[in-house]
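Beneath this line is the structure, given in structure tokens, with notes to follow.
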Amino acid sequence: MLQLSSNEVLFWKIMLWKYSLFKYNQHKGIRPEKVFQKNEDMSSTSQKHKNFVSEPMGDKSVNELAGIGEVLSKRLEAKGFDKAYVVLGQFLVLKKHKELFIDWMKDICAANSKQASECYQCISDWCDEFL
């Protein structure tokens, strides 16, 4: 009987998965080069993030921060965080510490981890660009 190491087993599982995906896409009429083509939806940052980081903060509303939608912006505004620069102030008070900022976002407006992380990254990237 043939003995395979765990790495070899993993390799063959991946190869089988890729082959299955290829056959499925072939059946659906999807060309292989389209399967792995990166599109705008798969980018690591949202358009909202790119827009925010591309220019000075000025007097932007808190809902212009990536990760902050209508519901979270209302919660933040109710707590006095109506402008992006006020959230920036809290970010700086927390010394740009990612975990502290994310925990603060979860506490102050009940953001989930994804929303809080997106907001953190948006402000952090803005600081890298303008501070």
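For this structure, a couple of remarks:
- For the chain, with all protein chains in place and a probe radius of 1.4 Å, 55% of the accessible heavy-atom surface sits on carbon or sulfur.
- With DNA, RNA and ligands ignored, accessible area of TRP12 (1.4 Å probe; Å², nearest 10): 150
- Under the criterion of Cα pairs below 8 Å and six or more residues apart, the relative contact order for the chain equals 22 percent.
- Nearby lysines by direct alpha-carbon distance to LYS28 (threshold 22 angstrom, same-chain neighbours under 8 apart not counted): LYS18, LYS38
- Farthest positive-ward along the chain dipole, Cα basis, beta-carbon charges - from VAL86, TYR19, HIS97: TYR19
- Divide the volume of the convex hull around the Cα atoms of the chain by the residue count and you get 183 Å³ per residue.
- Computed over region 58-131, the quotient of the alpha carbon radius of gyration and 2.2 N^0.38 Å is 0.95.
- Given charges at Cβ of Lys, Arg, Asp, Glu: the chain dipole, positive-most of GLN3, HIS49, CYS127: GLN3
- Checking the Cα-Cα distances for LYS74/LYS95; LYS48/LYS83; LYS79/LYS106 against a 20 Å cut-off, the pairs over it are LYS74/LYS95.
- A 1.4 Å probe run over the chain, with the rest of the protein chains in place, finds 70 Å² accessible per residue.
- Largest accessible area first, the residues ASP125, ASP82, ASP107 order themselves as ASP107, ASP82, ASP125 under a 1.4 Å probe with ligands, DNA and RNA left out.
- Value of [θ]222 nm, deg cm²/dmol, for the chain, DSSP H segments ≥ 4, -39500 (n - 2.57) each, nearest 500: -19500 deg cm²/dmol
- For TYR24, solvent-accessible area (1.4 Å; no DNA, RNA or ligand), Å²: 130
The values are calculated or read from the model by the stated rules, or taken from the named source; none is laboratory data. Note that this is a predicted model, so its numbers are computed, not measured. Here Cβ is always computed from backbone atoms with ideal geometry, including for glycine, and neighbour counts include all displayed protein chains. Only protein heavy atoms, including side chains, enter the accessible area calculation; ligands, DNA and RNA are left aside. Shrake-Rupley method; radii C 1.70, N 1.55, O 1.52, S 1.80 Å.
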